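Let me begin by presenting the structure, written as structure tokens, before commenting on it.
The values are calculated or read from the model by the stated rules, or taken from the named source; none is laboratory data. The structure displayed is predicted, hence computed values, not measured ones. When we count neighbours, we look across all protein chains shown, and the Cβ atoms used for this are built from the backbone with ideal geometry, even at glycine. Only protein heavy atoms, including side chains, enter the accessible area calculation; ligands, DNA and RNA are left aside. Shrake-Rupley method; radii C 1.70, N 1.55, O 1.52, S 1.80 Å.
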Amino acid sequence: MTDAELIKSKIDIVNFISDYITLKKAGRNYKSVCPFHSEKTPSFVVSPERGSWHCFGACGEGGDAISFLQKWENIEFLEALKILAKKVGVKLTGFTPTDNIREKEKLYEINHLACEFFHFLLTKHALGERGREYLEKRRIKKETINTFMLGYAPNSWDSLSKYLQKKGYSPEDICLSGLTIKSDSGRYYDRFRGRLMFTLKDHRGNMIGFSGRLLNEEVYPERERGAKYINSPETPIYHKGSTLYGMDVTREYIKKKGEAVIVEGEFDFLSSFQSGVGNVVAIKGSALTEDQVLLLKRYTENLIMALDSDFAGNEAARRGIEVADNTGLTVKVVRLLYGKDPAECAEKSPHLWKDSVAKAVPIYDFVIDTALSKYDKSTADGKKKIGDEVLPLIAKIQNPIIASHYVKKLTRELEVNEESIEMLIRRIGKNEGKKPPLGIPLTVHNRVEMIEEYLLSLIIQSKFPKKSLEKVMTITAIDDYNLPAVSKIISLLSGYFIKHEDFDVKNFGSLLNAEIASTFDKAYLIELESVLSDDKKFDKELIQVAKTLKQNALRRKINNISTKIRSLDEKGDSKEISSLNSQLKTHFNSLKELDKVG
């Protein structure tokens, strides 16, 4: 038994996946909405018997516990294997990290050392006095500083670089982490200098990068200040659009509360967290990305946005709202009871911030109310501007009941007829064209392949798989199957039932290699309850699908022979043509005979 097989044998896949998403019993399997793409109707199925899962929705992904963790964490097979081995107490015997894994682990180590370096200077060293004073002015507590490992980067060109090189890391590796920059002359210098440092982590707690805020910018000439905030560049472990600041600490708060509060920056986050609103994460700017939405969806169905007051007018932010809506999340918006941002509100009074969050309003009410406050709805021009700002967002609402509610609200507010609003919405939809929901790739599945996979499902999910296979094989032959994986599984089933009367899915599963296991799992997990519950309906369906598959195979053979005949006719090879015509006749007769079957 390999390491992977041993690990999988020790994992109850239902319990394992239930730690990540909510599964509900559905016959002998379990179902959920797929965590790997945007959807509202559950299409994600888990089989405790097979120890496997499959999505029958847009993404079409499937696999076992290892592949689930791979996809969930966006990590390589060996990384997932290492995590699961530790979880179930298996010592890996053949674990050889790939170059990619070694590179990532090295970057995590470098960032960890840099974090300790910055944190020590802020909390223990005289150089960090400026940072401590600034945090005290912003009312950030010591406990918060330690929890989120805030730090200070000295105003030096190479302090961090020298420290990391003494720890054994090369200038090239340090540069790859984003902590240094290579000049045109080939020299390396520290990216972060004279800044308050925020450690960026992924949701698992790995240190992946940094954000640095310039302190006392007034002491620098304007040309030397640089941006108020600078962040780590994209690296093999840091991707801005996938990162949510603080989530490694707050994800359990989010899960418990059932909602996530989204703020724009680190200080908004820190002030919120220490004021008692712990179910909070921060993004950079007002644009919520699809990756961030899908990450949040793992822990909650409800988002509360406390962003820039004009974020709904930002095209990137609108896309984030659309992504959240398509994913089935409920989105609300905070109207601050005090101040220009959550930090100012929380610094004034934690209760004001908590009340602001509690009184959050649905996103579309916020968008409409914001537009109404900006323009004069009593004038034709004002009504047009309100419509231009609001309707593109309403046009993308997926739920027709919600869409109708806001069409009626806008109709009342603008004192226009409902038809004019609906006409503009239709025009917006027509101009933009019909697009697939965000996060859902367009896939085309060959009908012949679908029929073969469906027939395999009917056989292996039937009450008596052996009898079902025997019925099918009186109609079809192995060479009738166009999909190699299905053909191979049918062959294996035929051999299996020579030795076994009953079908043991675990026993049979041991005969499947990796190339065909996914096809088998997909066939075994597809929902067939409506067909299987009625014996007469099932028998009729089984025979009809087998006949359809045979018809497809015969027509495929007829087309191939006809093509050969046309080619030989040009060469005048009458003897071969005669033989092929005889085969054609046989196939046509077989098609006629099929009508009598069943």
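Odds and ends about this structure:
- No other residue among Leu469, Leu512 is assigned to a loop (DSSP other than H, G, I, E, B), within 30 Å of Arg556 (Cα to Cα) and either touching a Phe, Trp or Tyr at 6+ places or on another chain (Cβ under 8 Å) or aromatic (Phe, Trp, Tyr) (or both) apart from Leu512.
- Filter result for Ala58 (open to solvent by less than 30 Å² (accessible area, probe 1.4 Å), assigned to a loop (DSSP other than H, G, I, E, B) and farther than 29 Å from Lys256 by Cβ): yes
- Test for Thr370: is it farther than 19 Å from Val323 by Cα, modelled with pLDDT of 90 or more, in contact with an Asp or Glu (Cβ under 9 Å, 6 or more places away or on another chain) and surrounded by 13 or more Cβ atoms within 10 Å (Cβ to Cβ): no
- Filtered by the rule that a residue be assigned to a strand (DSSP E or B), of a type in the set (Val, Ile, Thr) and open to solvent by less than 40 Å² (accessible area, probe 1.4 Å), segment 154-210 gives Thr180, Thr199, Ile208.
- The single residue among Ser38, Ser52, Ser47 that is modelled with pLDDT under 90, of a type in the set (Ser, Thr, Tyr) and buried (at least 18 other Cβ atoms within 10 Å of the Cβ) turns out to be Ser38.
- Close pairs from segment 98-118: first farther than 16 Å from Ser159 by Cα, partner hydroxyl-bearing (Ser, Thr, Tyr) and open to solvent by less than 30 Å² (accessible area, probe 1.4 Å), Cβ under 7 Å, at least 6 apart: Leu107/Ser177; Leu107/Thr235
- Considering segment 95-116, the residues that are at pLDDT below 90 and touching a helix residue (DSSP H, G or I) at 6+ places or on another chain (Cβ under 7 Å) include one that is nearest to Phe16 (Cα to Cα), namely Phe95.
- Screening Phe269 with (1) modelled with pLDDT of 95 or more; (2) among the hydrophobic types (A, V, I, L, M, F, W, C); (3) not in a helix (DSSP H, G or I) gives one miss only, at (3).
- Residue check for Lys467: closer than 28 Å to Gly57 by Cα and free of Cβ contacts under 8 Å to residues at least 12 places away in the same chain: no
- Sole residue being among the hydroxyl-bearing types (Ser, Thr, Tyr) and surrounded by 10 or more Cβ atoms within 10 Å (Cβ to Cβ), chosen from Ser510, Ser562: Ser562
- Residues in segment 257-266 that are open to solvent by 10 Å² or more (accessible area, probe 1.4 Å) and not in a loop (DSSP other than H, G, I, E, B): Lys257 only.
- Contacts under 8 angstrom Cβ, first residue in segment 372-392 being in contact (Cβ under 8 Å) with a residue 60 or more places away in the chain, partner of a type in the set (Lys, Arg) and open to solvent by less than 90 Å² (accessible area, probe 1.4 Å), 6 or more apart: Pro392/Arg318
- The single condition among (1) within 30 Å of Pro350 (Cα to Cα); (2) of a type outside the set (Gly, Ala, Ser); (3) over 37 Å from the mean Cα position of the chain (by Cα) that Leu122 does not satisfy is (3).
- Among (1) free of Cβ contacts under 8 Å to residues at least 24 places away in the same chain; (2) within 27 Å of Tyr238 (Cα to Cα); (3) open to solvent by less than 30 Å² (accessible area, probe 1.4 Å); (4) hydrophobic (A, V, I, L, M, F, W, C), the one test that Trp72 misses: (1)
- Among (1) surrounded by 14 or more Cβ atoms within 10 Å (Cβ to Cβ); (2) of a type in the set (Asp, Glu); (3) within 30 Å of Lys10 (Cα to Cα), the one test that Asp99 misses: (1)
- The residue that is farthest from Leu84 (Cα to Cα), among those in segment 9-35 that are at pLDDT 90 or above and of a type in the set (A, V, I, L, M), is Leu23.
- Which listed residue is at pLDDT 95 or above and surrounded by 13 or more Cβ atoms within 10 Å (Cβ to Cβ), from Leu121, Leu92: Leu121
- Failed criterion for Ile440 (all others in (1) surrounded by fewer than 18 Cβ atoms within 10 Å (Cβ to Cβ); (2) at pLDDT 90 or above hold): (2)
- Test: residue in segment 532-542 that is more than 31 Å from the chain's Cα centre (by Cα), outside any helix (DSSP H, G or I) and without any contact (Cβ under 8 Å) to a residue 12 or more places away in the chain: yes
- For segment 277-288, the set of residues classified as at pLDDT 85 or above and in a loop (DSSP other than H, G, I, E, B) consists of Val277, Gly278, Asn279, Ile283, listed by residue number.
- Selection within segment 286-296 - charged (D, E, K, R) and surrounded by fewer than 20 Cβ atoms within 10 Å (Cβ to Cβ): Asp291
Residue-by-condition table, conditions (1) in a strand (DSSP E or B); (2) of a type in the set (Phe, Trp, Tyr):
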| site | (1), (2) |
| --- | --- |
| Ala4 | no, no |
| Ile7 | no, no |
| Phe16 | no, yes |
| Lys31 | yes, no |
| Glu49 | no, no |
| Trp72 | no, yes |
| Glu79 | no, no |
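- The residue list Gly60, Gly89 contains one member that is at positive phi and touching a strand residue (DSSP E or B) at 6+ places or on another chain (Cβ under 9 Å), which is Gly60.
- Residue satisfying all of: in segment 497-507; in a helix (DSSP H, G or I) and out of contact with any helix residue (DSSP H, G or I) (no Cβ under 6 Å at 6 or more places or on another chain); least open to solvent (accessible area, probe 1.4 Å) among these: Val505
- Residue in segment 19-29 that is hydroxyl-bearing (Ser, Thr, Tyr), closer than 24 Å to Arg204 by Cα and in contact with a Gly (Cβ under 6 Å, 6 or more places away or on another chain) present: no
- Count - residues of segment 244-256 that are in contact (Cβ under 8 Å) with a residue 40 or more places away in the chain, open to solvent by 20 Å² or more (accessible area, probe 1.4 Å) and either more than 25 Å from Lys142 (Cα to Cα) or assigned to a loop (DSSP other than H, G, I, E, B) (or both): 1
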